[in-house]
Amino acid sequence: MNPWFAKAAVLSATIVMVLIRSPHGRVSRTVTVAKSRKGLLEIVLLGIAWVGFFVPILWIATPWLGFAEFPLYPLPLVIGSVILALSLWLFHRSHADLGTNWSITLEIRESHWLVTEGVYRRVRHPMYVALLLYGLGQAAVIPNWVAAPAYAAAMVLVCALRLRPEEELMREHFKGEYDVYASRTKRLVPGVW
């Protein structure tokens, strides 16, 4: 099967992801930050996320990763495309439900409220779930040993090192309200964890 199908799927998903996030980024920059935990770890994690995001684009745009190609099969392409679509829907819903509370780093905004409705009703970190699913979808779609796991690996690392500090920030800011919310929701997988 021609790898251009995979490249079209990944490029389309990338464009949609940017289109979803861009307006929220613009709005986010207009809301005053009340509390920030943007330290060296945050900067490193953002860098890793960006590298993971751009490796598949590099695979699409250049022949540099051609040495790691393998055959593309229809089943992983279809399954991966469905996972990408699901992840983009969840990514959109997460941003929409957070509204002006969204930030790319660990920050509390002025007039920040604890979002517990929409997709946040079932899990505390649906945006991370969306990003992990996006990485999984790319891994299934991309027939390249380097580009396929790049975003998924980056997101696993980001989630592993960022969930606890983010929850500590929320607990510190929202006090017992966050503990009540945490007691009735799971971190990433509804009803499981």
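With 83, 43, 60 as the choices, which residue is in contact with a Lys or Arg (Cβ under 9 Å, 6 or more places away or on another chain), in a helix (DSSP H, G or I) and among the β-branched types (Val, Ile, Thr)?
Step by step, each of 83, 43, 60 is checked, and only 60 is in contact with a Lys or Arg (Cβ under 9 Å, 6 or more places away or on another chain), in a helix (DSSP H, G or I) and among the β-branched types (Val, Ile, Thr).
Which numbered condition in (1) within 28 Å of residue 79 (Cα to Cα); (2) more than 14 Å from the chain's Cα centre (by Cα); (3) crowded, with 19+ Cβ neighbours inside 10 Å is the only one that residue 107 fails?
(1)
Taking the stretch 1-48 on its own, how many of its residues are open to solvent by 70 Å² or more (accessible area, probe 1.4 Å), within 28 Å of residue 86 (Cα to Cα) and among the charged types (D, E, K, R)?
2
For the stretch 67-113, what are the residues that are in contact with a Gly (Cβ under 9 Å, 6 or more places away or on another chain) and among the acidic types (Asp, Glu)?
Passing the criteria: only 97.
Based on this model, can you work out whether residue 100 counts as more than 18 Å from residue 153 (Cα to Cα), among the β-branched types (Val, Ile, Thr) and surrounded by 13 or more Cβ atoms within 10 Å (Cβ to Cβ)?
Answer is yes for this residue.
Can you give me the number of residues within the stretch 49-97 that are aromatic (Phe, Trp, Tyr), within 24 Å of residue 33 (Cβ to Cβ) and buried (at least 17 other Cβ atoms within 10 Å of the Cβ)?
The total comes to 2.
With respect to residue 116, determine if the residue is assigned to a loop (DSSP other than H, G, I, E, B), surrounded by fewer than 20 Cβ atoms within 10 Å (Cβ to Cβ) and of a type outside the set (Gly, Ala, Ser).
yes
The values are calculated or read from the model by the stated rules, or taken from the named source; none is laboratory data. Bear in mind that the values here come from a model prediction, so they are computed numbers and not experimental data. Don't worry about glycine lacking a Cβ; one is built from the backbone with ideal geometry, like all the others, and counts go over all protein chains shown. Side chains are part of the model used for accessible areas, which takes the heavy atoms of the whole protein and leaves out ligands, DNA and RNA. Shrake-Rupley method; radii C 1.70, N 1.55, O 1.52, S 1.80 Å.
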